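Just dropping this structure here.
The values are calculated or read from the model by the stated rules, or taken from the named source; none is laboratory data. The shown structure was predicted, so the numbers you read here are calculated from the model rather than taken from an experiment. All Cβ positions, glycine included, derive from the backbone under ideal geometry; neighbour counts span all protein chains shown. The accessibility values were calculated without ligands, DNA or RNA, using every heavy atom of the protein model including side chains. Shrake-Rupley method; radii C 1.70, N 1.55, O 1.52, S 1.80 Å.
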Amino acid sequence: ADLGQELERAVAECLRWHPWPVDTVTLATGLLAVVDTPAGAALGGRSLRGLARTDCLRELRFELPLGDRSRCATDRDLGALVRSHLPGDHPLRPWADRLAAGAFGVELAGHLTGSIDLVVRVTDPTGSRAPRFAVCDYKTNRLGEVGRPPSLADYHPDHLAGAMAGHDYPLQALLYAVALHRYLRWRLPGYDPAAHLGGAAYLFVRGMAGTAAVLPDGRPYGVFTWDLPPALVAEASDLLAGRAGAAVPAARRGGRR
């Protein structure tokens, strides 16, 4: 009934075990603003507070089998695949170009393990389309220049693509989407990536300042949404698995690089 009071209680309980120099009321007030901020198109414009518990799957742990040493993909392959699905003016296109150039120089084999902060089932209020499932990740990064006091302007939606690329979060988002794709493929009857995959939302919580911090076009501060093409996710899953017939960028056809 009183979420602010409950957040203060929860913060105080945490501070009993971890005596950080935190003001309970200030932190609880900030958290209240975070959960009340519209979380972007991937979550259907809902806030975290507005999500039904039955539509949330928290901390989804996964283990992704990758290709074996004889037929494994590289970061170049994955970057080329992402680039092939992004228009030239997409804000993540420069990042995809860097990945396609071999930013890490690694082969992707063995197993990849991780945990997705939150998977959200987004239902259509009109019932005219199937529910869509989106991955959601929380980030506590301090954005802006070092030595300058933080500002809400640092978390303007137009600035978040740079923050995403600078930490290679788009790669994380794609891998999370692949994990979700495989999970739904096993668990959801009639699964169709084109109908059921709903993209990714990255929540930079320090910039989520409530309903007042929303642009006229509906984009909230602190929220980056990537409408991941379902075909990209499905092809990336096949590529990572080393599956025969998977999409292989032109750079790899005719020989290994």
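Yes or no, residue by residue, for (1) farther than 17 Å from Cys136 by Cα; (2) free of Cβ contacts under 8 Å to residues at least 40 places away in the same chain:
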residue: Gly4; (1), (2): yes, yes
residue: Ala12; (1), (2): yes, yes
residue: His18; (1), (2): yes, yes
residue: Ala28; (1), (2): yes, yes
residue: Ala33; (1), (2): yes, no
residue: Gly40; (1), (2): no, no
residue: Gly45; (1), (2): no, no
residue: Glu59; (1), (2): no, no
residue: Leu66; (1), (2): yes, no
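Would you mind telling me which numbered condition in (1) open to solvent by 70 Å² or more (accessible area, probe 1.4 Å); (2) of a type outside the set (Asp, Glu); (3) within 15 Å of the chain's Cα centre (by Cα); (4) within 19 Å of Ser47 (Cα to Cα) Pro125 fails?
The single condition Pro125 does not satisfy is (3).
Consider Arg129 carefully, then state whether it is assigned to a loop (DSSP other than H, G, I, E, B) and closer than 21 Å to Leu228 by Cα.
Details: assigned to a loop (DSSP other than H, G, I, E, B): yes; closer than 21 Å to Leu228 by Cα: yes.
Considered against the rule, which asks whether it is assigned to a loop (DSSP other than H, G, I, E, B) and closer than 21 Å to Leu228 by Cα, Arg129 comes out as yes.
State whether one or more residues within segment 58-75 are open to solvent by less than 20 Å² (accessible area, probe 1.4 Å), in a helix (DSSP H, G or I) and of a type in the set (A, V, I, L, M). Give the derivation first.
Here is the first cut: in segment 58-75, the ones open to solvent by less than 20 Å² (accessible area, probe 1.4 Å) are 64, 67, 72-75.
Now restrict to residues that are in a helix (DSSP H, G or I): 75.
Among the residues that remain, those that are also of a type in the set (A, V, I, L, M) are: none.
The answer is no, given that none of the residues of segment 58-75 is open to solvent by less than 20 Å² (accessible area, probe 1.4 Å), in a helix (DSSP H, G or I) and of a type in the set (A, V, I, L, M).
Is it the case that some residue within segment 15-30 is under 29 Å from Phe133 (Cβ atoms) and either in contact with an Asp or Glu (Cβ under 6 Å, 6 or more places away or on another chain) or at pLDDT below 95 (or both)?
Just the residues of segment 15-30 that are under 29 Å from Phe133 (Cβ atoms), to begin with: 30.
If we keep only those that are either in contact with an Asp or Glu (Cβ under 6 Å, 6 or more places away or on another chain) or at pLDDT below 95 (or both) as well, we get 30.
Yes, there is a match, as at least one residue in segment 15-30 is under 29 Å from Phe133 (Cβ atoms) and either in contact with an Asp or Glu (Cβ under 6 Å, 6 or more places away or on another chain) or at pLDDT below 95 (or both).
Listed here are the residues, each with its yes/no results for (1) of a type in the set (D, E, K, R); (2) over 28 Å from Leu240 (Cβ atoms); (3) at pLDDT below 95.
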site: Ala12; (1), (2), (3): no, yes, yes
site: Pro38; (1), (2), (3): no, yes, yes
site: Arg53; (1), (2), (3): yes, yes, yes
site: Glu63; (1), (2), (3): yes, no, yes
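For segment 101-112, indicate whether the set of residues that are surrounded by 19 or more Cβ atoms within 10 Å (Cβ to Cβ), part of a helix (DSSP H, G or I) and over 18 Å from the mean Cα position of the chain (by Cα) is non-empty. Show your work before the answer.
Going residue by residue through segment 101-112, those that are surrounded by 19 or more Cβ atoms within 10 Å (Cβ to Cβ) are 108.
Then drop every residue that is not part of a helix (DSSP H, G or I), which leaves none.
Checking segment 101-112: not a single residue is surrounded by 19 or more Cβ atoms within 10 Å (Cβ to Cβ), part of a helix (DSSP H, G or I) and over 18 Å from the mean Cα position of the chain (by Cα).
Would you please list the contacts, defined by Cβ atoms under 8 Å and residues six or more apart or on different chains, that run from a residue in segment 158-176 that is closer than 16 Å to Asp97 by Cα to a residue that is buried (at least 17 other Cβ atoms within 10 Å of the Cβ) and β-branched (Val, Ile, Thr)?
As it stands, the answer is Pro170/Val82; Leu174/Val82; Leu174/Val233, since those pairs meet every condition given.
When you check Gly30 against the structure, is it within 21 Å of Tyr155 (Cα to Cα) and buried (at least 20 other Cβ atoms within 10 Å of the Cβ), yes or no? I'd like the intermediate steps shown before the answer.
Numbers: within 21 Å of Tyr155 (Cα to Cα): yes; buried (at least 20 other Cβ atoms within 10 Å of the Cβ): no.
So Gly30 does not fit the description; no.
What number of residues within segment 17-42 are over 16 Å from the mean Cα position of the chain (by Cα) and in a loop (DSSP other than H, G, I, E, B)? Break it down into steps so the answer makes sense when it comes.
Let us first name the residues in segment 17-42 that are over 16 Å from the mean Cα position of the chain (by Cα), namely 17-37.
Checking which are in a loop (DSSP other than H, G, I, E, B) leaves us with 18-23, 37.
Number satisfying all stated conditions: 7.
Which ones in segment 1-42 are of a type in the set (S, T, N, Q) and touching a strand residue (DSSP E or B) at 6+ places or on another chain (Cβ under 6 Å)?
Going residue by residue through segment 1-42, those that are of a type in the set (S, T, N, Q) are 5, 24, 26, 29, 37.
Across segment 1-42, the qualifying residue is only Thr37.
Take the residues in segment 128-159 that are under 15 Å from Gly222 (Cα atoms), modelled with pLDDT under 95 and open to solvent by 60 Å² or more (accessible area, probe 1.4 Å); name whichever of them is nearest to the chain's Cα centre (by Cα).
Thr140
Kindly indicate which of Gly50, Gly88, Gly45 is touching a strand residue (DSSP E or B) at 6+ places or on another chain (Cβ under 8 Å), of a type outside the set (Ser, Thr, Tyr) and assigned to a loop (DSSP other than H, G, I, E, B). Give the derivation first.
Values: Gly50 fails: touching a strand residue (DSSP E or B) at 6+ places or on another chain (Cβ under 8 Å); Gly88 fails: touching a strand residue (DSSP E or B) at 6+ places or on another chain (Cβ under 8 Å).
So the residue among Gly50, Gly88, Gly45 that is touching a strand residue (DSSP E or B) at 6+ places or on another chain (Cβ under 8 Å), of a type outside the set (Ser, Thr, Tyr) and assigned to a loop (DSSP other than H, G, I, E, B) is Gly45.
This table checks each residue for (1) open to solvent by 20 Å² or more (accessible area, probe 1.4 Å); (2) outside any helix (DSSP H, G or I).
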{"site": "Ala161", "(1), (2)": "no, no"}
{"site": "Met164", "(1), (2)": "no, no"}
{"site": "Ala173", "(1), (2)": "no, no"}
{"site": "Leu180", "(1), (2)": "no, no"}
{"site": "Tyr183", "(1), (2)": "yes, no"}
{"site": "Trp186", "(1), (2)": "yes, no"}
{"site": "Tyr191", "(1), (2)": "yes, yes"}
{"site": "Ala212", "(1), (2)": "yes, yes"}
{"site": "Gly218", "(1), (2)": "yes, yes"}
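I've got another one for you. Can you spot a residue in segment 194-202 that is touching a residue at least 40 places away in the same chain (Cβ under 8 Å), more than 18 Å from Leu92 (Cβ to Cβ), surrounded by 18 or more Cβ atoms within 10 Å (Cβ to Cβ) and out of contact with any Phe, Trp or Tyr (no Cβ under 7 Å at 6 or more places or on another chain)? Before the answer, list the steps.
First, the residues of segment 194-202 that are touching a residue at least 40 places away in the same chain (Cβ under 8 Å): 195-202.
Narrowing the set further to residues that are more than 18 Å from Leu92 (Cβ to Cβ) leaves 195-196.
Narrowing the set further to residues that are surrounded by 18 or more Cβ atoms within 10 Å (Cβ to Cβ) leaves 196.
The next check asks that each one be out of contact with any Phe, Trp or Tyr (no Cβ under 7 Å at 6 or more places or on another chain); those that pass are none.
No, segment 194-202 contains no residue that is touching a residue at least 40 places away in the same chain (Cβ under 8 Å), more than 18 Å from Leu92 (Cβ to Cβ), surrounded by 18 or more Cβ atoms within 10 Å (Cβ to Cβ) and out of contact with any Phe, Trp or Tyr (no Cβ under 7 Å at 6 or more places or on another chain).
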